[in-house]
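Inspection log for the structure reproduced underneath, given as structure tokens.
FYI, it's all coordinate maths here, none of it is from the lab. Bear in mind that the values here come from a model prediction, so they are computed numbers and not experimental data. Positions of Cβ are backbone-derived with ideal geometry, glycine not excepted, and every protein chain shown enters the neighbour counts.
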Amino acid sequence: MRRAAILSLLGALLAALTGAAYLAPLPALAQQTGQPASSPAQTTAPVQVPVRGGLHEGYGRLVFDWPGNVEYTAAVEDGSLIIRFDRPLRTDISGALANLRSFLAGGSLEPDGRTLSFVLANGDFGLRSFKIGTSVVLDLLRQGGAETAESAPPPSPLPANAQQPAPASVPASPAATDLRVRGADHDGYSRLVFDWNQPVDYTVDSRNGQATLRFDRPASYEIGTLNSRPLRNVRRVEPTGGDGRGVTLQIAPESRLRHFRSGTRIVVDVLNPASGGAAETRPASQQATAPTPTPKPPVGERGQPPATNARAASPATPPQAAPTQQAQTPGQPPSAAPTSPQDRPPGERGPSLPAQPVTPVTSQQTADARPIPGAGPAAQPLSSSLAPSRIQAPVPLEQLQGAPVPVTLRREGDMVALRFQFEDSNAAAVFRRAAHLWIVFDGARRFDFSAVTDTDAGIFSELTQVPVPNGSLARARLVPGVNPRIWRDGPSWVIELRAQPLRPDVALATEVQPVSPQGPRLFIPVTGIGETVVVRDPEVGDELHIVPLSMLGRGIEGDRRFAEFELLATVQGIAVVPLADGVAVRQLPDGVAITSGDGLVLSRDLPERSETFGEVASDSDIRKGKPFAMQEWRGNQAPGQGFYPKRQQLQFALADATSIARTKPRMDLARFYFANGLAPEAMGLLRIIAEGDADYANLPSFKALRGATLFMMGRHEDALKDLSDRALDGIREVALWRGAAFAALGKWNEAVEQFARAGEIPADYPRNYTTEIALLAAQAAIRVGDNRGAGQFLNVVAAGTPTDSEQARINYLRGLVLQAAGDTDAAFELWRPLAEGADRWARVRAARAIIEQELAQGKISNADALQRLESLRFAWRGDDLEFDLLRRLGDLYLAENDYRNGLATLREAATLFPNHPETPTLARTMTDAFAKLYLEGGAERMPPLTALALYDDFRELTPPGARGNEMIQRLADRLVTVDLLDRAANLLDRQVKFRLEGVEKARIGARLALIRLLDRRPEAAVGALDESAVPGIPVELARERNRLRARAQFDLGNPEQAITLLQPDTSREADLLRADILWRQQDWAGAAEVFARLADPLADKRDLTEREATLVLNWAISASMSENTPAVVLIRQNFAQAMDATRFREAFRLITNTTSGDLNDLRTLTQRFQEVERFQSFLSDYRERLKASQLSAIN
């Protein structure tokens, strides 16, 4: 595995180097630093650092909010943003990545805990970094923009009444965009790069020392220092024409031009006069083979100030072997040059083009020239006279017939899928080259990319359709490490992009044929061949022959390089790069032949490609894409034929083998058993092999066989573990068994995808394997609505003389297909005999299908359906059917408001099937139903004890967060209302200990303490207050908690401590508690003083409530017992009239009319007047409030 990892890293490095080989040298690093390079890193514990990300005008911002000062370095390196801090951190970058999807395709914290690596998306970026306080800020700037977003001047607007002049017949010009023009001198030529950020057509006219470029859209040209410090071969660069579409270059009269595209950029090379002359005088035969010297790195590009924060991208350099393009004769119109081999003199060959763009460059001479109906054929590209004969002129996209093919995008986790929704069958080719994804179809159709955006994709950018002579071509720039896989959904093709190996599902064989009608050739056996598309790579500049294939997953595994051509790695189709003249790709009835006029120079023994996985290199079955060679394993016999002689032969071979050489004969015997449908016998041998030869047990071919064997034994989860080995990815037969395992586990979507990759069940499988897989595939197809596909799988089983049990399963599944088609009567005719039949599998399913259909038609009620479904509950146990049945019963019980049975049944399903893919959804259903019961009034219609018992039984369903807390509080309110204080306290106690934090914990803790006091449990009240003590409690809540603590201390026999706690509190509630304490201590003078404050607001009141009258009466008693006669007289004067209207009239008169000293004993007074009770004002106040409102309204 270590070797495989090294090979993988070397492959990635080589791909990066070859993909960038055509670029001029780049600065290796655009680095921002927040500390000197020599600053030592501090070793500290990791710090939690929040990370924020946001989009701004022209740049994306990433902010690390460190709690203290930190030093850092930040750099853009090879498509990645690397940030290193001088101390370790912990952070969650998912939110920032979600906000910056158009800038960052992914990221992670490195193992050192100090370094974060982000993958850049959608092109090149510059970097700007700085600090704001202790926060580290990094801005990613799109290449070609201003150096800083803040300093970019806004475009000068036109006056409000100004209009751009345009001919009456031409639409108004689009707004001019800022266009940067860069330049640099190289060995042999000077280069200008026009940094367009979108595709643009252009023309070039060079004559008499002046070259004029015309673009099909206007621009405001940023020429910089190109005129003040001119290039060697370009004396001046000036916009011309006044419409922003033209640029004139002043060059030497003898200089020649070559021009091409690099992505959306336009590159113009002005060749040195000497170099140009040599090229013109060289014989044509030499021009085709003489290589151009490799350019040296330029001294520096001019036209813009040196970039300090943004990485400067150099333009594309033509391929090394491409000769220079001949200059057009001055004055000669473009159409005068020959455009086809027939137009050239006999024996003359057109020279190869250097990096000729695939997108046609029209010969339009006006700014907005467009095809005009009836005006004759469209102008030919300027380069058509120089194109090789096999590269024909591309067909403009607007001339393609038929409705555009919709292209949609789907994202699942780290995978992005592009779906090309064809309505008819097409052959396809898909591969990656020079950091670009190539998607080719043999049907000439336009693509509709309106539903796809780079921002949504994240891992690719610049998805465009490129005009080609035949077929259809789409290209996109891919993030490093991302590769395609392909599958088909009907006529639609789906390309999945994620970090994965680049390999086809079925690797095509390549055969060296030394003798053939064309001489030595390379032959690739394959059928379903589409029309070959010949095109030039706009990045590398060489010629590609692309052969689309209609058979899914057929491609070339690994790049193959030969003396005269290169065979590219593909996931679908064939792609050939000729390296010598005369190489041709021929389509034959049984395959594709790569030939040459004089025969290819080939060796029969082709070098073996290094495998991605080290084990695969010695695993011939996997390399051949045939992990289950059933016919060969049976000794080329039909299942069951010659069984005993062959078995005896294999057993003798095993017996004769030495103890250290028994792995192979054991494996041969296991394969023989498996190929004859005897999975348990094969499993016994495989177990012995795994115990004795661990290395062999790690081979992918062994895992494939063991996985299939486990599946046939019903151990589906174990089977899927073996079959999911990454080394088995891309193998069609393995996809078949994976699909069967997924289907058996009820993972229908995954099953359908794998069955689509597999395509078919091999004909040499034993009948029991074919039947089991076909029936599961039919079920999966029905689940996703593919009734036609389900019918095809059922026909496979029906054609093989099924048993009675198999026929019953077929009839049940056919009933489902008929039901989906709306023919319920025909479905019932198939199901009714099954519901009373002998096959248990079909009987249970048919009976349930009948019940569900009758319920849907209103023929039976929910109660009737529940009764009949309950009778099926124990008829079939242990698989997806039982799970579905339990879930359905639970849903019906909940619909009938039988929450106990409904929740209990759903919980049973989740408990019995914890790994079922629908279990998370089931858990959410239970939680939502439970919360709805207590939040939407359902529990209030139950008796309080019933609601509490139901809550206790299903407490684990309480949702987290605010919803769950509200549920608990509502139930506690109801329990307090009916005086079930201990049960309410238990609810709040669990909430305080396990669910709450911060101020809310302190608030609920105060309510719990109050309930404990009302329940006469002061020690528990103190415990609740201690448990819920948190910092930062608001002032009013803190005072309330202090009063409750004082009351608890008083009840515990600590009145002095209670009074001390109340000293800073001057509220009315505190006075009520003080009066209560002083009264019970018989501190009459102190009590009278407190009562005076409490009764003062009542002095002018004539109608007193019973509670207010009690307050006045107790003030009078306290004053009398303290022998404060003036106070008693004052009380009588102020309240006599109001007290006469209350039930305390006689007691008040007696107390206030008696002279001092006659009331020495309060007990004598209370015995005479039973209305005067011991004072309990503090808790009485709370009780009154609870009568008027809920417990949750107390604080």
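Distance check, please: which entries in K626/K721; K703/K747; K1001/K1101; K646/K703 exceed 31 angstrom between their Cα atoms?
K1001/K1101
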Rounded to the nearest 20 debye, dipole of segment 397-595 from Cβ charges on Lys, Arg, Asp, Glu:
240
Exposure proxy check on R411, R229: fewest-to-most Cβ neighbours within 10 Å is R229, R411
Using bins 10 angstrom wide from zero, how does P(r) for segment 621-755 break down, in % of all Cα pairs?
13, 42, 34, 10, 1
Take the alpha carbon gyration tensor of segment 397-595, find the square roots of its eigenvalues, order them as a ≥ b ≥ c, and report rounded if a/c is under 1.5; if not, report prolate when a/b exceeds b/c, else oblate.
prolate
Quick one: check the C-alpha center-to-center distance for segment 745-803 versus segment 192-236, whole angstrom.
62
Going fewest to most other Cβ atoms within 10 Å around each Cβ, D979, D1100 line up as D1100, D979
Separation of alpha-carbon centers, segment 891-969 and segment 422-454, rounded to whole Å
49
Among N698, V734, H716, whose Cα lies farthest out toward the positive end of the dipole of segment 621-755, if unit charges sit on the beta carbon of Lys, Arg (+1) and Asp, Glu (-1)?
V734
Using the alpha carbon gyration tensor of segment 798-951, what are the three equivalent-ellipsoid semi-axes (square root of 5 times each eigenvalue), largest first, in whole Å?
35, 17, 13
Classify segment 453-503: rounded, prolate or oblate, from the alpha-carbon gyration tensor (a ≥ b ≥ c, eigenvalue square roots; a/c under 1.5 rounded; otherwise prolate if a/b is larger than b/c)?
oblate
